[in-house]
Each structure stands twice: as structure tokens, then as C-alpha cells.
Amino acid sequence: MSNFTVHNRRTLLTGAAAATLFAPGLSFAAAASDMVAIRKAAEAGYDASVKRIQDWIALPSIAAENRDMDKGCDYMMALAKDAGFQHVEKVPTDGAPGVFATLDVGAKRWLAVYFMYDVKQYDPAEWSSPPLEARIVDKPGFGKVIVGRGAVNQKGPQATFLAGLHAIRAAGKKPPVNLVLVCEGEEEIGSPHFRQVVTKPNVLAALKKCEGVVIPAGWQSPSNGGVSVNLGAKGVVEFELVASGAKWGRGPKTDIHSSEKARVDSPAWRLVQALTTLVTPDGNNPAVDGYFEKVRPLTAREKELIALAAKQMSEADAKKALGVDKWIDDLPWEQALERLASQPTINIEGLVSGYTGPGGKTVLPGRAVAKIDLRLVPDMTYEDSIAKIRAHLDKRGFQDIELNVSGGYDPTETDENSRLIRAQLNSYKRLGVPASVYPRLAGSWPGAVFTSPPVSLPAGQFGLGHGSGAHAPNEYYVIESSNPKVEGLVGGAMSYVDLMYEIASIK
């Protein structure tokens with residue numbers, strides 16, 4: 001298959017490149033032999049690796065719907081056992097259970113890996129193929145891809161990491177590092193109980209041994225194969241604002257005929273009025289009282305990193321992937337990247353009120369809901385941001401608007417000079433992949449649970465491969481690449497193997 005052979009520089013480690021990998025660990029000859037054997041095993045296991053992704057997609061665990069959470073946890077445990085983890089346990093929480101597993105081969109160093117087994121909701125009517133079928137299709141410019149909910153977020157990249165472990169074992173080798181796996185089932189609702197998993201005494205003790213925490217990723221640029229090494233991620237808060245006649249004491253308690261609007265107040269309009277106070281008139285900047293008090297400006301080094309990234313990253317690729325033609329205020333590329341890293345946001349995810357089906361239905365709704373997410377930058381916090389939103393609404397007379405928080409966490413930061421970040425950069429360089437160091441991922445993951453006390457570890461994303469459409473219809477993940485700049489499943493699996501060897505040997 002094409003993705004098995006397109007990159008000689010990624011198929012074999014030869015000469016000085018291999019030598020730089022394995023001092024002071026394995027000898028050059030042993031290391032080069034290991035990588036050749038492991039890649040052959042990964043190629044031989046390709047079909048099984050593809051099926052592993054498809055089978056996982058076929059079992060959706062959706063925390064927002066409380067759908068198949070125990071089944072999803074049990075399946076995650078089975079995947080870990082199958083990949084060679086010797087100790088695998090379910091970790092109960094006040095919500096969905098987590099998974100903790102260890103693979104101890106007696107190596108000198110430990111690496112932690114973060115997985116999630118939950119996925120976002122989906123509407124099958126919006127998809128070109130059934131979202132749980134995990135159909136393999138040819139995607140022009142990319143090759144063979146799996147289309148399905150969770151394909152890139154996160155089951156495809158996670159199963160690719162597992163494919164690397166299967167290949168190591170099939171080659172008769174042992175991982176060069178010991179591994180700790182921590183997994184949750186509530187990432188897509190803001191990880192409200194994940195800290196309970198991580199701070200369980202035996203889990204915390206295992207994490208404290210690790211060099212850092214990696215979340216598998218498949219984000220290679222289709223134009224140059226480049227990746228970003230992020231030194232952190234924004235925090236997130238998800239909540240609902242609810243206006244209702246019942247709480248307000250005005251307007252209907254249930255939907256009534258719209259002709260009554262001539263004499264009855266509208267909870268829907270009340271919600272709209274409350275929402276408009278949260279942002280500037282263009283909707284682009286938070287206007288909540290004191291919201292920027294704790295926002296830390298970009299440092300000179302962060303601006304320098306963004307300027308370098310702007311030269312390496314493709315603006316055209318970014319716009320194409322997002323389906324947009326312009327940035328806010330028609331900003332140029334570098335300034336758009338600065339804003340992406342530095343700006344806290346208040347976003348409306350959805351608005352629900354009254355009748356939303358075909359045609360019209362003349363009602364005056366008794367209730368209106370806005371689903372909101374906040375993205376937080378250092379030094380903002382989850383708790384402080386919620387408190388500021390509540391105080392802002394109360395000050396303007398909207399005490400009746402309910403604020404129901406579903407989940408969230410603080411921003412995360414990792415030292416550029418940590419062993420984990422240096423190892424990632426070394427691996428990407430050896431694999432011939434352009435890598436930009438970027439101050440902060442604009443998206444969110446519960447990395448703050450790892451980077452803050454009591455764990456206090458470096459944490460970030462890593463991996464080769466490509467996919468897109470997270471949270472959207474027709475989400476996909478490349479398994480056999482026709483693009484010479486982008487790795488398929490086998491190349492992605494080998495990138496994780498390479499990182500493990502790098503972590504084992506880096507000084």
C-alpha cells in the first residue's frame with residue numbers, strides 16, 4: 001500500500017539520524033534493527049489496525065446523552081489489555097468511569113498517555129455515510145479515509161498509538177519506556193470528574209514517575225506535512241443560560257399562542273437581551289465586567305514563536321479546513337494567529353427555544369436556552385470566569401437567568417525546555433516533519449489536570465497523520481495516504497514508536 005513506502009526517511013533510521021536517537025540507550029545496531037522489525041510488523045498488522053478503529057467507532061459512548069458509558073469504559077479496558085497493558089482497572093467517579101492502566105517492562109523511564117473514550121453527538125441525516133459504520137472511502141487529495149464519529153477525535157489517533165504497541169510486541173520487542181494510560185469518558189462535556197481519576201492515590205503515584213503526558217493527535221498539514229508543538233492549551237467552560245417564564249415571573253410558563261405577545265412578555269427575547277450584554281456589538285470580544293483582569297498578555301517569546309509559526313503554517317490550508325474566507329476584522333495571518341492564542345472567547349454553541357421544525361408554528365415560547373462555551377487563557381480560571389458571568393448578569397437585572405455549568409477546566413502550560421517538548425521536536429526533526437512551536441492550542445483538553453498540582457507534569461499533543469471534521473458531519477481520519485506529505489496509519493503508528501525511543505534516550 002502506498003503509505004507503507006512513500007517516505008524512505010521514515011521507513012528506516014540510518015546513519016547519523018539513527019545514531020542521534022539511541023545514545024545513551026540502545027546501541028546503534030540494535031536500535032536500527034528494532035525499528036525495521038517494528039515497521040514490518042506494523043505493515044503486517046495494518047488490516048487489524050484498521051478494523052480496530054472501525055470497531056471502536058461502531059460503539060459510541062456519548063456523555064452528553066449518557067449513552068453506553070459503561071460499555072465504552074469496558075471496551076477501552078479491553079483495548080488496553082489487548083495492547084499489552086498488564087494492569088488495567090476501572091476507576092469509578094461521580095460521573096462516567098475512567099480507566100487506569102500500566103505497562104511496566106522494567107525500562108528506565110515512564111511516559112503517560114491520555115485517552116478519551118467518549119465522542120460528540122451526531123445527526124445521521126447530516127452525514128454522507130452512517131456515522132457509526134466507519135466506512136472506508138477514497139478522499140481526493142488524501143487517499144483512503146475512515147469516515148465516522150470519533151474518527152479523528154480521538155479514536156483514530158488513539159488506535160494508531162495502540163497499533164504501535166501491537167507492532168512492537170509482534171516484532172518480538174519491548175517498549176523502550178514503561179507506560180501509564182489514563183482515560184476518561186467525559187471529555188466532550190468538559191471533563192467534570194477527570195480529576196477524580198488522576199488523583200486516585202495509585203494513579204497519582206504512577207503519574208509522578210512519568211516524564212510527561214501525551215495525547216495522540218493527527219493534525220499534519222496537507223500542504224507541507226507540518227505539525228504544531230503546542231506549549232499549552234486554552235481552558236474551557238461549558239454552560240447553559242436559561243430564561244423561563246417560571247423563573248422570571250413574567251411571560252408564559254409553557255408555550256402559548258403567539259398572538260398573546262401583544263400583552264405577554266417573552267422569555268426568548270429576555271435571553272437575547274442578556275446575551276447581547278456579554279459581548280461587544282460585533283460579537284467578537286467579551287464585554288463581561290472584569291473579564292480581562294486576569295488575562296496575561298503574550299510574552300515576547302510567545303510573539304516570537306507565533307511569528308515563526310506564521311511563516312511555516314499555511315493560511316490557505318487553515319481557511320480551507322475551516323471553510324472561511326476572512327478572519328475577524330480582516331486580520332493578516334500573523335495577527336490572526338496572535339489573536340487565536342491570546343484571546344479569551346464567549347461563544348454561542350446553540351440557541352434553542354420554541355418550535356424549530358419544518359414550517360412555522362405560531363407560539364410564544366415559555367423557555368429559551370443558550371448553550372455557551374468560554375475559552376480561557378492564562379491566568380484565567382474556571383471558577384473565576386463563571387463567577388464573573390454570574391455577577392455581570394445579576395448587576396444588569398438578569399438574576400432570573402439560570403446559569404447551569406456542565407463542565408470545564410483551567411488553561412494548561414508546559415515548559416518549552418521540558419524533556420517532553422524537546423523529545424517531540426527531536427522526533428519530528430528526525431522524521432523530516434516541519435514542526436512549529438506554538439504558545440497555545442486554541443482548543444481545549446483537560447491537560448491542566450496534569451500540568452497543575454499535584455501531578456505537575458509537562459503535557460501536550462503528538463503524532464503524525466491527518467484527519468478533520470471533529471464535532472462535525474463527515475469526520476474522517478486518513479489510514480492510507482496518497483499525499484506524500486502526510487502519513488497514513490502505519491506511519492502514524494511509527495511516529496509514536498519513535499517518540500517512545502526518544503523519551504527513553506534523551507538526556
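Among the candidates Val113, Val91, which residue alone is in contact with a helix residue (DSSP H, G or I) (Cβ under 9 Å, 6 or more places away or on another chain), under 23 Å from Gly45 (Cβ atoms) and surrounded by 17 or more Cβ atoms within 10 Å (Cβ to Cβ)?
None of the other options fit; the residue is Val113.
For a quick check of your reading of the model, give me the residue pairs whose first member lies in region 419-430 and is closer than 18 Å to Thr451 by Cβ, whose second is part of a helix (DSSP H, G or I), with beta-carbon atoms closer than 7 Å and at least 6 apart or on different chains.
The qualifying pairs are Ala423/Leu499; Ala423/Glu502; Ala423/Ile503; Gln424/Leu499.
Being of a type outside the set (Val, Ile, Thr), in contact with a Lys or Arg (Cβ under 8 Å, 6 or more places away or on another chain) and within 19 Å of Gly164 (Cα to Cα) is the filter here; which residues of region 118-153 pass it?
Answer for region 118-153, where residues must be of a type outside the set (Val, Ile, Thr), in contact with a Lys or Arg (Cβ under 8 Å, 6 or more places away or on another chain) and within 19 Å of Gly164 (Cα to Cα): just Asn153.
Matching residues to (1) of a type in the set (S, T, N, Q); (2) crowded, with 19+ Cβ neighbours inside 10 Å; (3) on the phi < 0 side of the Ramachandran plot:
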position	(1), (2), (3)
Ala391	no, no, yes
Val405	no, no, yes
Asp415	no, no, yes
Ile421	no, yes, yes
Asn426	yes, yes, yes
Arg440	no, yes, yes
Ser444	yes, yes, yes
Ala448	no, yes, yes
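Which condition number in (1) surrounded by 14 or more Cβ atoms within 10 Å (Cβ to Cβ); (2) in contact with a helix residue (DSSP H, G or I) (Cβ under 8 Å, 6 or more places away or on another chain); (3) not in a loop (DSSP other than H, G, I, E, B) is the one that Ala307 fails?
(1)
Return the residues of region 468-493 that are surrounded by 24 or more Cβ atoms within 10 Å (Cβ to Cβ) and either within 30 Å of Ala37 (Cβ to Cβ) or without any contact (Cβ under 8 Å) to a residue 60 or more places away in the chain (or both); say none if nothing qualifies.
Scanning region 468-493 gives Tyr477, Val478, Ile479, Ser481, Val486, Glu487, Gly488, Leu489, Val490, Gly491, Gly492, Ala493.
Which pairs do you get when a residue that is without any contact (Cβ under 8 Å) to a residue 24 or more places away in the chain, found in region 306-324, comes within reach of a residue that is assigned to a loop (DSSP other than H, G, I, E, B), reach meaning Cβ atoms under 8 angstrom, with the pair 6+ apart or on two chains?
Note: pairs meeting the criteria are Lys319/Asp325.
Conditions tested, residue by residue: (1) part of a helix (DSSP H, G or I); (2) surrounded by fewer than 21 Cβ atoms within 10 Å (Cβ to Cβ); (3) at pLDDT below 95.
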residue: Ala30; (1), (2), (3): yes, yes, yes
residue: Lys40; (1), (2), (3): yes, yes, no
residue: Asp47; (1), (2), (3): yes, yes, no
residue: Ile53; (1), (2), (3): yes, no, no
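Conditions: (1) modelled with pLDDT of 95 or more; (2) in contact with a strand residue (DSSP E or B) (Cβ under 8 Å, 6 or more places away or on another chain); (3) within 30 Å of Gln312 (Cβ to Cβ). Pro176 meets all but one. Number of the miss?
Tallying (1) modelled with pLDDT of 95 or more; (2) in contact with a strand residue (DSSP E or B) (Cβ under 8 Å, 6 or more places away or on another chain); (3) within 30 Å of Gln312 (Cβ to Cβ), Pro176 fails exactly one: (2).
This table checks each residue for (1) in contact (Cβ under 8 Å) with a residue 12 or more places away in the chain; (2) farther than 30 Å from Pro124 by Cα; (3) in contact with a Leu (Cβ under 6 Å, 6 or more places away or on another chain).
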{"position": "Met35", "(1), (2), (3)": "yes, yes, yes"}
{"position": "Ala48", "(1), (2), (3)": "yes, no, no"}
{"position": "Ile62", "(1), (2), (3)": "yes, no, no"}
{"position": "Gly72", "(1), (2), (3)": "yes, no, no"}
{"position": "Met76", "(1), (2), (3)": "yes, no, no"}
{"position": "Phe85", "(1), (2), (3)": "yes, yes, yes"}
{"position": "Lys90", "(1), (2), (3)": "yes, yes, no"}
{"position": "Phe100", "(1), (2), (3)": "yes, yes, no"}
{"position": "Asp104", "(1), (2), (3)": "yes, yes, no"}
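Residue check, Arg301 against (1) in a loop (DSSP other than H, G, I, E, B); (2) under 27 Å from the mean Cα position of the chain (by Cα), all met but one. Which one?
Of everything listed in (1) in a loop (DSSP other than H, G, I, E, B); (2) under 27 Å from the mean Cα position of the chain (by Cα), Arg301 misses just condition (1).
The values are calculated or read from the model by the stated rules, or taken from the named source; none is laboratory data. No experiment lies behind these values; they were computed from the predicted model shown. Positions of Cβ are backbone-derived with ideal geometry, glycine not excepted, and every protein chain shown enters the neighbour counts.
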